[in-house]
Every structure is written in structure tokens, then in C-alpha cells.
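Here the structure comes first, spelled out in C-alpha cells, and everything after it is commentary.
The values are calculated or read from the model by the stated rules, or taken from the named source; none is laboratory data. This structure is a prediction, so every number in the text was calculated from the model and none was measured. Counting neighbours? That spans all protein chains shown, and the Cβs are built from the backbone with ideal geometry, glycine included. Note: areas computed on protein heavy atoms with side chains; ligands, DNA, RNA excluded. Shrake-Rupley method; radii C 1.70, N 1.55, O 1.52, S 1.80 Å.
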Amino acid sequence: MPNMEWAWLIPALSFIAFPLIIIFGRFLPGKGSFLAILAITVGFILFWFVAIDRVDQGATGVDFFSRKWFDAGSVTLRWGMIIDPLTIVMLGLVTFVALMVQIYSLGYMKGDPRFGWYYAVHALFAASMLTLVLADNFLLLYIAWELVGVCSYLLIGFWYERKAATEAAKKAFITTRIADVALLVGILLLFKEVGTFSMSETFHQAELLIAGEDSLLGTGTATAAALLIFVGAMGKSAQVPFHVWLPDAMEGPTPVSALIHAATMVVAGVFLVARTYVIFEAAPDALLVVASVGLMTTLVAATLALVATDLKRILAYSTVSHLGLMMLSLGAFGYTAAIFHLLAHGFSKALLFMGAGSVMHGAGQTDIRQMGGLRKVMPLTALVFGIGALSLGGIPVFAGFWSKDEILISVLDNRHSIFIVLTLVAVFFSALYMARAFIVAFLGDLKEENRHAHEAPFAMALPMVFLAVLAAIFGFIALEWTDEFTGFGSFLFFREAHGFEFNVGLGVGSILLSLGAFALAWMVYRTGQVSLDPLKQRFALVIRVVERGYFFDDVYQWTVDRVVLVFAAFIGFFDRVVVNDVGVNGPADSVKRSAFSLRQHVTGRVYNYALAMVIGAVGVAVGWWAIAVNG
């Protein structure tokens with residue numbers, strides 16, 4: 001049996017760890033946390049066997065493994081896995097980052113009274129995401145998709161005694177559920193047309209449509225299904241206007257933020273579009289929508305990150321911005337570039353959130369205005385955070401630079417020139433807000449209230465070091481190193497393999513923009529050579545709008561208060577008065593009143609009944625006599 005067929009064990013082990021920790025955790029050392037760590041460790045080891053087997057059998061191949069589940073009429077439902085390069089890279093990202101986060105959590109969550117429950121849900125979260133990655137049919141994918149949402153709700157609201165945490169959890173759950181309805185409708189639409197939930201059969205029909213042959217899918221159906229699937233992806237990946245839940249999700253424990261933002265929930269949407277990319281290719285108009293939404297998201301979130309002052313919220317808006325960049329790349333036919341950036345961003349963002357968690361753990365601060373000079377008391381944290389900032393800022397030769405450059409080429413080659421201009425603006429903003437966060441928090445003079453700050457313990461420091469190494473050197477896998485390995489683009493691609501490309505003009509321009517952003521941040525926030533006061537005065541209204549998050553939350557709250565709740569009150573009134581009182585209780589009350597009136601003749605006295613019988617008999621006799629006379 002090929003090693004690939006054992007891939008189902010990777011999520012299964014974490015699924016098994018979940019109930020074991022809940023049932024036996026209180027009796028085990030570390031409240032059972034070692035079970036979750038052991039499960040994901042073995043899963044990470046199994047990933048390498050699966051990956052090596054995939055490469056040995058042809059890196060570009062696709063294998064489906066499935067077993068019959070049950071029959072529903074003429075439809076046979078199956079459970080199964082799809083093993084292809086996209087699956088391989090996602091398995092590697094999820095298992096590695098989840099492992100790093102769980103090790104990091106040993107130090108960060110130490111002493112929490114719900115320590116065991118934290119690791120149990122962590123195991124379920126990882127298992128759900130891994131199942132989503134492996135699913136070979138839309139039904140299984142949707143089940144895993146919803147499990148990911150449930151786990152995010154539980155972890156964002158982990159400290160449920162805090163009102164802000166419970167509100168953030170509900171906000172994330174409701175926002176993503178709204179988008180999930182569209183995904184479900186899209187899946188059902190494909191099922192109606194193709195007659196199966198199987199991805200392989202659905203993708204085959206899409207290929208026939210692209211080739212101009214007879215297909216069960218029509219262009220209109222493919223476009224509608226692609227757009228519905230994309231709406232589902234927008235919810236999970238926090239694309240505008242569904243982005244509002246992600247910054248509030250910072251109320252959860254910081255290791256949870258690292259996992260959500262780097263390897264699980266938010267990348268699920270990007271993965272979904274990549275997995276169903278052939279359907280989007282059959283619907284070019286849908287890809288233009290993907291590119292447009294991605295561009296708008298990356299710009300909106302980048303400006304929000306520039307005015308945020310909470311370190312975790314800056315990183316949250318950074319995540320939204322880079323997710324928009326990935327969607328933009330997919331919409332610009334940059335399939336390989338998008339997934340490459342997903343990986344580079346995953347390692348870098350997990351590192352940045354762990355660095356932020358180290359600051360919170362060691363200094364007790366989240367507001368960057370209260371920080372400054374932390375490199376003097378937290379040198380390791382400052383170093384690794386700086387590496388992550390340089391990576392996502394697009395500075396050579398860190399990981400984010402390579403993937404960002406590939407995205408820019410895809411946008412330049414396949415979309416209108418306005419797209420590349422605005423994307424370069426987003427690149428500049430991305431470097432600027434990362435430089436601002438690092439310089440303000442870690443450089444400058446150490447404030448008196450931060451002199452007590454201390455470096456992270458070993459359990460927290462070790463994962464940060466591993467991730468820092470990847471954030472620094474991961475991008476080099478884009479290059480051709482041997483005859484066998486000719487670069488990431490020869491392993492994962494959609495139609496044709498291609499090596500790393502470097503457009504000199506575009507590449508040099510993007511490097512200058514990134515370096516210029518870091519230099520500007522240095523002069524503004526470190527040396528004071530450049531003052532922002534004139535800019536703030538001139539664009540005060542614009543800055544106020546950005547600081548209010550473009551009023552997205554205000555509009556949603558108004559809609560809930562003035563539309564949703566008012567309509568709900570009307571429906572409640574209609575249900576009570578019209579449905580209950582008139583439709584149900586009205587007839588029942590009428591019968592009841594009639595019965596109470598009619599029962600008055602039931603007296604229980606024999607002479608009353610005899611009198612009624614006599615009157616009745618006389619009445620009958622008179623009636624017959626009248627009929628006889630008239631007849």
C-alpha cells in the first residue's frame with residue numbers, strides 16, 4: 001500500500017486526541033496536553049512519508065482514495081482523500097505551524113485553569129483543517145469547513161468570562177456563517193448539475209466546458225457556482241466586506257491568533273479557491289471578481305494597519321491585507337504565486353504573532369505607544385519579530401520578497417494596468433506598517449514601565465527560532481537548485497510548470513518601494529526627521545474615516561439595530577397575533593367558548609331531560625301535521 005494512502009491518519013490522530021483529553025485529561029500530566037502535541041508531531045512525521053511518496057510517484061500527479069459511505073437513492077456518498085501537490089504543501093504548513101503553536105502554548109498558557117480544554121480544541125481545530133485539505137468531495141469538505149468554524153468560535157471565545165471575547169467569538173461565527181450559506185448553495189448547485197459531490201467528476205465536467213466539449217456544466221452554472229464558492233471563501237479569508245470579524249478575533253489567546261492567521265481558518269478560503277480553480281477558469285468573469293475583491297481588500301486592510309495602535313490588531317489587518325494579495329494573485333491567474341505567498345506568509349505571520357505574544361507575556365503591553373526600546377530587554381523577540389517584519393515587508397532576501405515578486409508579475413501580465421499600480425501602492429503600505437510596528441515597539445529608548453520586561457521562556461522561544469529560520473530562507477525554494485528540483489513552480493502549478501521569474505523593472509521598483517517605506521518609517525518614528533502633523537491636519541477627515549474602520553462596523557450595527565431587530569420584532573408580533581391568536585388559538589378558543597355555552601343544557605336533572613323529550617315529541621308531531629295539512 002502506498003504511503004499516500006496513510007494520509008488519513010494525519011487528521012485522525014488529532015481527532016482521537018480530542019475526546020481522550022476531554023475524558024482523561026484531568027488525570028494525566030499536563031492535563032493531557034502531551035496527547036495533542038504527540039498527535040500533531042506524528043502527523044507531521046507522516047506528512048513527510050506522504051510527501052516523499054507523492055514525489056516518487058510523480059510530483060505533478062493526482063491520486064484519489066475513497067471508500068463508500070452510504071447510498072441515498074441513486075446517489076452514492078463516499079469519504080475519501082485527494083493527494084496532489086496542493087494537498088502536500090497545505091499538509092506541511094498546517095502540521096508544522098500547529099506543532100510550533102502547541103509547543104509555544106506550553107509556556108504561554110501555563111497555569112490557565114482550562115489548559116486541558118485548550119489543547120483538546122486545538123487538536124480538533126488542526127484535525128478539522130487537515131480533513132478540509134484532504135477532502136476529495138464537496139460534502140466532506142463542507143463538514144470539515146464548518147468544524148473549522150466551530151473550533152475558531154471556541155478558541156476566540158476561550159476566555160469567555162471576558163465580554164469582549166464572547167462578543168468577538170459570536171461576531172466571527174455569525175459573519176462566517178452568512179458566507180457559508182453561499183458556499184453550501186454553490187455546492188448544491190454543482191451537485192444538481194453534475195449529480196455527484198465528487199471533486200474529480202465535477203472538475204472533469206469543468207475541463208470539458210473549458211475545452212468546448214459536451215459538459216453537464218454550462219457557462220452560466222459554472223459562473224454562478226464559482227461566485228457562490230468565492231463568497232464562502234471570502235467569509236473565512238476575511239475579504240471585504242466580511243473582514244470585520246478578524247481584528248476582533250484578537251480577543252482569543254495569542255497562540256490561537258498565530259494558528260488562525262497562519263495555517264488554518266483564514267487560509268482555508270484561499271485554499272478553497274485554489275482547490276476549485278478549474279471551475280473558476282471555466283468562468284473568467286468570476287476570476288475578475290476575485291481579483292477585484294482581493295485588490296480592494298489588500299488596500300483597505302493596509303490603510304487600517306497604518307492607523308492601528310494595538311500590536312495584535314496591526315498584525316490582524318496585515319493578515320487581511322495579505323489574504324487579499326493572495327486572492328488578487330488567484331484572480332490574475334497567479335496560482336503558484338498565491339500558494340507560494342500563502343506559505344511564506346504563514347511562516348512569517350505565525351512568527352510575528354508569537355513575537356507579539358512574547359511581548360504581552362514579558363512586558364504586559366499590547367499598545368505600541370506604550371512600548372519602545374524592548375530590544376534591550378527582549379533581544380531574541382526583537383530579532384525574530386524583525387525577521388518576520390522584513391519578510392512581510394518584501395525586503396530581499398526574506399521569504400515574503402520572493403512570493404510578492406511572483407504575484408506582481410502575475411498581476412502585470414494578466415490584469416489591467418490599474419491593478420499593478422494599486423498593488424504597488426499596497427506593497428508600499430505593507431512595508432510601511434510592518435516597519436512602523438517594529439520600530440515603535442522595539443527600537444528607541446526603553447521606557448521605565450517596561451524595564452521589568454523579560455525574554456520568553458524556552459518553550460516559547462524555540463518555536464519562534466524555527467519559524468524565524470523559515471521566514472528568512474524559505475523563499476529560496478523558488479530557485480532551481482538541482483536537476484531534480486527546479487523550483488517551487490515545477491512542483492505546484494495549475495497548467496504549466498515554470499521557474500522563478502524576475503522582471504527587472506518591476507522587481508527593482510518593488511524593492512525600492514519597500515526599502516523606501518522602511519526608510520520613511522525610520523525617519524518618522526525613530527529620528528523624527530519627518531513629521532506627520534501637516535499630513536494629519538490636511539487629511540484629518542480621511543484619517544478619521546480610516547480610524548473608524550471605514551464605518552463597516554457602524555453600518556453593520558445600524559443594520560442589525562434598525563433592520564434586523566425591527567424585522568425580527570415584527571415577525572415575532574406577527575407570529576404571536578396572526579399565527580397564534582388568529583390562526584391557531586383563535587379557532588380553538590371559539591370552539592372552547594361554544595362548548596361552554598352549549599353545556600348549559602346538561603343539568604343532570606331527570607325532569608329537565610323529560611321536559612326536553614316532551615317538547616321534542618310535540619315539535620315533531622306538529623311538524624308532521626303541518627306537512628300533512630299543506631300536502
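What ranking do 317-327, 197-207 get when scored by the average of other Cβ atoms within 10 Å per residue, highest first? Kindly include the intermediate steps, with their values, before the conclusion.
Numbers: 317-327: 28.6, 197-207: 20.1.
Answer by packing, highest mean first, reads 317-327, 197-207.
Enter the accessible area of His416 (Å², nearest 10), with the probe set to 1.4 Å and all protein chains included.
For His416, solvent-accessible area is about 120 Å².
What distance in nm separates the simple spin-label points at Arg538 and Val185, each placed 7 Å from Cα in the Cβ direction?
4.6
Counting only heavy atoms of the protein chains, get the accessible area per residue of the chain (1.4 Å probe) and round it to a whole Å² value.
Values: 27060 Å² over 631 residues.
Solvent-accessible surface per residue comes out at 43 Å².
Could you let me know the centre-to-centre spacing of the range 90-104 and the range 317-340, using Cα atoms, in angstrom?
Between the Cα centre of the range 90-104 and that of the range 317-340, the gap is 21 Å.
How much length, in nm to one decimal, is gained on full extension between Phe27 and Met613, taken as 0.36 nm per residue of separation minus their Cα-Cα distance?
Details: separation 586, 0.36 × 586 = 210.96 nm, distance 8.30 nm.
Full extension of this stretch gives 202.7 nm more.
Show me 348-357, 390-399 ranked by packing, highest mean number of other Cβ atoms within 10 Å first. Intermediate results must be reported in sequence, preceding the final value.
Working: 348-357: 30.7, 390-399: 24.1.
Peptide ranking by packing, descending: 348-357, 390-399.
Please report the relative contact order for the range 259-323, taking Cα pairs under 8 Å with a sequence separation of at least 6, and give it as a percent rounded to a whole number.
Values: 37 pairs, mean separation 20.7, N = 65.
Relative contact order here is 32 percent.
Would you kindly state how much longer the chain becomes between Trp69 and Ser597 on full extension, computed as 0.36 nm times their sequence separation minus their alpha carbon distance, in nm to one decimal? Show your work: numbers first, answer last.
Values: separation 528, 0.36 × 528 = 190.08 nm, distance 6.12 nm.
Residue separation times 0.36 nm, minus the Cα-Cα distance, leaves 184.0 nm.
Need the list of lysines near Lys192 for cross-linking: C-alpha distance under 23 angstrom, and skip anything on the same chain fewer than eight residues off.
Lys68
Size of the dipole of the range 493-553 about the Cα centre, Lys and Arg at +1 and Asp and Glu at -1 on the beta carbon, nothing else charged, in debye to 20? Mind showing how you got there, number by number?
Working: 6 positive and 5 negative charges, 55 e Å.
For the range 493-553, the charge dipole is close to 260 debye.
Two decimals is fine: what's Rg over Rh for the chain, C-alpha atoms, Kirkwood radius as Rh? Each step should come with its number before you reach the end.
On the way: Rg = 31.3 Å, Rh = 26.9 Å.
Looking at the chain, the ratio lands at 1.16.
Suppose every Lys and Arg Cβ carries +1 and every Asp and Glu Cβ carries -1, with no other charges. What dipole size does the range 86-235 come out with about its Cα centre, to the nearest 20 debye?
Numbers: 8 positive and 11 negative charges, 183 e Å.
It works out to roughly 880 debye.
Work out from phi, with θ = phi - 60° and the Karplus expression 6.51 cos²θ - 1.76 cosθ + 1.60, the ³J(HN,Hα) of each residue of the range 306-318, listed in order in whole Hz, and give x for Gly and Pro.
Running phi through 6.51 cos²θ - 1.76 cosθ + 1.60 with θ = phi - 60° gives 5, 9, 6, 10, 7, 4, 5, 5, 4, 5, 5, 5, 4 Hz.
Please compute the alpha carbon radius of gyration of the range 503-631, then divide it by the globular-protein estimate 2.2 N^0.38 Å. Two decimals is fine.
Working: Rg = 43.4 Å, N = 129, 2.2 N^0.38 = 13.9 Å.
Dividing the Cα Rg of the range 503-631 by 2.2 N^0.38 Å gives 3.12.
Expressed as a whole number of Å, what is the distance separating the alpha-carbon centroids of the range 341-375 and the range 194-246?
Centre-to-centre distance over Cα atoms comes out at 37 Å.
Could you please put Thr527, Thr223, Thr297 in sequence from largest to smallest accessible area, using a 1.4 Å probe?
Final ranking, largest accessible area leading: Thr527, Thr223, Thr297.
Explain nothing, just the number: dipole magnitude of the range 474-626 about its Cα centre with +1 on each Lys and Arg Cβ and -1 on each Asp and Glu Cβ, in debye rounded to the nearest 20. The partial results should precede the final answer.
Working: 12 positive and 13 negative charges, 280 e Å.
I would put it at about 1340 debye.
Can you list the trypsin sites (Lys or Arg not before Pro) in the range 250-322 that are in a DSSP coil and have 16 or fewer other beta carbons within 10 angstrom?
Values: sites: Arg275, Lys312, Arg313; in loops: none.
Answer by residue number: there is no such site.
From the residues Leu479, Leu532, Gly509, which one has its Cα farthest along the dipole of the range 465-560 in the positive direction, the dipole being from +1 and -1 charges on Cβ of Lys/Arg and Asp/Glu about the Cα centre?
Going by the Cα projections, it comes out as Leu532.
Divide by every residue of the chain the summed helix terms, -39500 (n - 2.57) for each DSSP H run of at least 4, and state the resulting mean residue ellipticity at 222 nm, rounded to the nearest 500 deg cm²/dmol. It would help to have the intermediate numbers written out before the result.
Details: 26 runs with 430 residues, N = 631.
Mean residue ellipticity, 222 nm, calculated: -22500 deg cm²/dmol.
Could you sort Thr176, Thr221 by accessible area so the largest value comes first, with the probe set to 1.4 Å? Can you show the working numbers first?
Working: Thr176 0, Thr221 30 Å².
If we order Thr176, Thr221 from most to least accessible, we get Thr221, Thr176.
Could I have the simple spin-label model distance between Arg562 and Ala626, label points 7 Å from Cα toward Cβ, reported in nm to one decimal?
7.0
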